[in-house]
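Have a look at the structure below before the remarks.
The values are calculated or read from the model by the stated rules, or taken from the named source; none is laboratory data. Note that the coordinates shown come from a computational prediction; the quantities given were computed from them, not determined experimentally. Every residue, glycine as well, gets a Cβ built from its backbone with ideal geometry; the counts of neighbours run over all protein chains shown.
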Amino acid sequence: MEQITLVAEKKQEAGSGVAKRLRVAGKVPGVVYGLGRETLAFTVERHRLFEVLDRASGGNVLVSLELVGAETDPDIAAIIKEIQWSPVHKEPLSVDLQWISLTEAIVVSVPIVVEGEAPGVEEGGSVNQLHYEVEIECLPTNIPERLLIDITGMEIADTRHASDIVVPEGVELLLEPEEGVVTIARPITEEDLEVRGAEELPEGELEELELEEGEIAPEELEEEAEVGEGEEAAEGEEGEEAEPSEDEGSD
C-alpha cells in the first residue's frame, strides 16, 4: 500500500475557541500519537484531508505526515484512527492519527469482495455474505485494498469458507479456515412463507387456523358439556319441586 503525503502544521494554541477559528479558516485540528512518542497537536487544510480520504482504500490509508519544522522518519508512517464529523455540515471537526512502524506487522480490517457467477443464483438462489470484512496481520506496506472470494460454480446450499479467500503473500488471515463466508441461499417458497407466518402468530390464533371448518375446539366442547350438565341439574330440581308430596295428595 502506497503512502499518501499529508502536510500539516504544529498547533501552537489550545481551546475550543481556537478550534472554532481554525474551522472557520478551512483548517482541521488533529493529534498524532503512538510508538512511545510525545503526542503532537497539528492543523491541516480541510481540502488536503479530503484528498487523503478520497484515496483511502477499504478504509485503510498510510499517511506520510510531514509536520512543518519537524524531521521525518522514513521507517514511520501514520494511520487514521478516528475522525469526528459534524452531524449538520458533514465536515471533519478533528482527526486522530497514530504512528506505526513500517517494519513491524499490524492488525487491520479489510473488506471482502465477492466475484464470479454462481449457477445457484441463476436457479433462483441468492448470495448470502456472512462476513463483509476480515482482520488480517501484515506489514503496513503489504495491506491489500480488499480480499477476493470466488463464488464460481456454487450451487444452492453451497458454502465458501475462509480458506477459499485469496490471500496475498505476506498477509495472514485472522479467521478460522472453516469459518463460512458466503453461501447460496435457496429461494423462499410460498410454503416457507406460510410456515413463517404461522410461527409468528400467537398460540391461540395458530390453534384456530389448525381447526377444520365446522370442527369445535376441545375447550369449547368442555364448556358445552358443563352447560349441558348445569341445565339437566336445573330441570331436575324444577321437576322435584313440581311433584306434590303424599301428604298433600291425601288432603
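Checking each residue in the stretch 89-108 for being loosely packed, with under 14 Cβ neighbours inside 10 Å and either basic (Lys, Arg) or part of a strand (DSSP E or B) (or both) picks out Lys90, Val107. Within the stretch 40-88, the only residue that satisfies the criterion of being of a type in the set (S, T, N, Q), out of contact with any helix residue (DSSP H, G or I) (no Cβ under 7 Å at 6 or more places or on another chain), within 14 Å of Glu9 (Cα to Cα) and assigned to a strand (DSSP E or B) is Ser64.
Thr183 meets the conditions (1) surrounded by 12 or more Cβ atoms within 10 Å (Cβ to Cβ); (2) modelled with pLDDT under 95; (3) under 23 Å from the mean Cα position of the chain (by Cα) in every case but one. The failed one is (2). Checking Arg55, Arg21 one by one, the residue that is within 26 Å of the chain's Cα centre (by Cα) and surrounded by fewer than 13 Cβ atoms within 10 Å (Cβ to Cβ) is Arg55 and no other. The numbered conditions (1) surrounded by 13 or more Cβ atoms within 10 Å (Cβ to Cβ); (2) touching a residue at least 60 places away in the same chain (Cβ under 8 Å) are all true for Val68 except (1). Within the stretch 36-48, being out of contact with any Lys or Arg (no Cβ under 9 Å at 6 or more places or on another chain) and surrounded by 12 or more Cβ atoms within 10 Å (Cβ to Cβ) holds for one residue alone: Arg48. For the stretch 1-18, filtering for residues that are more than 33 Å from the chain's Cα centre (by Cα) and crowded, with 18+ Cβ neighbours inside 10 Å leaves 2. Among the residues of the stretch 24-38, those that are part of a strand (DSSP E or B) and either more than 15 Å from Val95 (Cα to Cα) or within 33 Å of the chain's Cα centre (by Cα) (or both) comprise Val28, Pro29, Gly30, Val31, Val32, Tyr33, Gly34, Arg37, Glu38.
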